[in-house]
């Protein structure tokens, strides 16, 4: 019996080149991934003379490069991958770098998709390396399919020098391209797709080198500059998405500071444990560890973000495009994206198909964005050879879909069932309602009921809300806490269970006692309440809220209607008129600023009126400014609900100069707006402590120092913080602008001291 062998036609080139790589963008992706696998830290993609017949695409990296042996035994060895068989030299030298973006051995044929000719120049990162050069004319493989693939030569030579200034790396010069395929629109589309190619946080991983991609199209630079000059006011997101040249950027979800709900879940690298964390506005609701029931999955992380109305607006402002047109659930393997997952309106996982079956119960991709990260080898979760075909349909892939939906369901349990489809920033107080609290306790008690749970951590502020109203859920929660504490040997959880049991028992006993007393001593109880209500302190502000009586409500209503509401109505009318007349943007923003300021007056008035021991509708009072401010920050602001809702525990200390009063005529509402704006900024800066101090300059001048321990203000923006509409958070950028306006109206001055160890200090000078 004789042995026969396959012969390989030159037509193979098309099968693994232009016909396999489905479009130009995917071809560029493959070549960039090759640069990453060569451990490059930078890739420069240049489109040279793109509007001429001599157009070239040049892809240059500073990776490890190749020598002659690499070229002959690896690059020219079709379908061979040293990455796949574990013989790659870097793999052997560094065990931390044990994976690659590609391992098919055909990515190099992407060059065929882009142009007729390839001129490859490479220098290996070794001493005395030679400049190797290969030239490929892809057309030769198309002339006669009867010729064998391996018998069509490519040209090799050693160069004496090269115009590229690199110590090591590879340059791919692709010519014979069709310039009609690369107009400005397609280049902008390439930039957009490159922005999503690399996992957002890839450069944050310590074991990996930074990986920078730059797009350079000299023929489009003038158009870019003209667009930037014309559209500066539209923001960085718009500029980035509508220009061609520059460093490719990929947003990191957390750095967007999107105030919404997110769930993060991770299967350990050994495949034994799944850790899941649910977070709302940076508040961790719960974190659990459980046995992994997906036996084919390991070393995978999923992050899902629910996009409410506020989050969508922030996303569009910062990214320059709406979330639904950006994409939804992206999939990355070892740092590089797998297509088509995440493409706008892509429903490869069937998320939208499911949402249509219960639109009021299920989250669809219009309200969802996130990423699936696959690490390590995970050979059963492998990309199809056709680079936009997703993942090969294996058992692991089926389990991955199950894992995604289990994560999504846990997000839905909170978003849909607890918060009734999410709470926007303007309605954040709703999260503090009794109904929400009860649903949260029930949610955590149901999670704790899962017998596969290994450990549970939770937001103690939520559990502390347990009362007799949640008796059923609370008893179930306590029972499960004890079970998990025993199974996981957690003294903390057992201690919490006993504490909750004691709290619940006390609450139930108190409830029974109160009900009995209510039935027999209603008259006496009412009498005591009336006496307590009359025991107000002589301070400017009461330490605890007193009942909002009819006169208070009428006072608020009169002030809001007589002043702020009428002003707001007038400004809105002016704004509509200005919009209809196409007035300049600055004028429109000026009117919006006035509306915002009046709105703050309304909010401020409603907040402190029931604590104020003076008529809040009075235009001015003449009082000790030091006492007013100190008592406000301690007795009103520090106790206001927004701090409890955020669980920020902002601790405020206020001191005063000894034996000194600063009697000063002022409008209470204006002073409080100053304080609210500064303290609200401290909260946004994640401060936990604020110190209020005074410095006496002389009998007619005093300085108020407000210092926090937050993240501080970058020196490069310190001079801009009082400018209108400038913000480093997600606010309107009007808070400190209004503060400066009010201070200067009082003939004062406000400055910022950034030269402290941590946090920031605002200094306000008041003069009589």
Next item on the list: Run through every distinct alpha carbon pair of the stretch 259-404 and return the Kirkwood hydrodynamic radius in angstroms, one decimal place.
Entry: 16.1 Å
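Could you line up 143, 691, 13 from fewest to most neighbouring Cβ atoms inside 10 Å?
Working: 143 10, 691 16, 13 23.
Listed from fewest to most nearby Cβ atoms, that is 143, 691, 13.
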Item checked: Theoretical gain in end-to-end length, residue 19 to residue 420 [0.36 nm per residue, Cα-Cα removed] -> 139.5 nm
Checklist line | Cβ-Cβ FRET estimate between residue 583 and residue 345, R0 fixed at 51 Å, reported to 0.05 | finding: 0.85
Check: What distance in nm separates the simple spin-label points at residue 68 and residue 41, each placed 7 Å from Cα in the Cβ direction?
Finding: 3.1 nm
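Can you give the Rg/Rh ratio of the stretch 381-421, where Rg is from the C-alpha atoms and Rh is the Kirkwood radius? Intermediate results must be reported in sequence, preceding the final value.
Working: Rg = 14.8 Å, Rh = 11.9 Å.
Rg divided by Rh gives 1.24.
Can you sort 717, 26 so the residue with the fewest Cβ neighbours within 10 Å comes first? Numbers along the way, then the final one.
Values: 717 13, 26 17.
Lowest count first: 717, 26.
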Margin query: Going by Cα centres, the stretch 274-302 and the stretch 110-151 are how many Å apart?
Written below: 47 Å
Next item on the list: Could you work out how far apart the two model spin labels at residue 148 and residue 186 are, taking each label as a point 7 Å from the Cα in the direction of the beta carbon, and quote it in nm?
Entry: 3.7 nm
Note to self: Using a 7 Å offset from the Cα along the Cα-to-Cβ direction at both residue 322 and residue 281, what is the distance between the two label points in nm, to one decimal?
What the structure shows: 2.6 nm
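What's the ranking of 340-348, 753-761 by average number of surrounding C-beta atoms within 10 Å, highest first? List each step's numbers first, then the result.
Numbers: 340-348: 16.4, 753-761: 14.3.
Ranking, from highest mean packing down: 340-348, 753-761.
Work out how much length residue 705 to residue 689 would gain on full extension: take 0.36 nm times their residue separation and subtract the Cα-Cα distance, in nm to one decimal.
Numbers: separation 16, 0.36 × 16 = 5.76 nm, distance 1.37 nm.
Computed gain between residue 705 and residue 689 is 4.4 nm.
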Checklist line | Calculated FRET efficiency for the pair residue 661/residue 435, C-beta based, R₀ 51 Å, to 0.05 | finding: 0.60
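To the nearest 0.05, what FRET efficiency results for residue 223 and residue 78 with a Förster distance of 56 Å applied to their C-beta separation?
Details: r = 41 Å, r/R0 = 0.73.
E between residue 223 and residue 78, to the nearest 0.05, is 0.85.
Order of 185, 449 from fewest to most other C-beta atoms within 10 Å? Display every interim value, and only then the final one.
Details: 185 9, 449 13.
Ranking 185, 449 by Cβ neighbours within 10 Å, fewest first, gives 185, 449.
Readers should treat all values here as calculations from the given coordinates under stated rules, not as data from a laboratory. Please read all numbers here as calculations on a predicted model, not as lab measurements. Cβ: placed from backbone, ideal geometry, glycine included. Neighbour counts: every protein chain shown.
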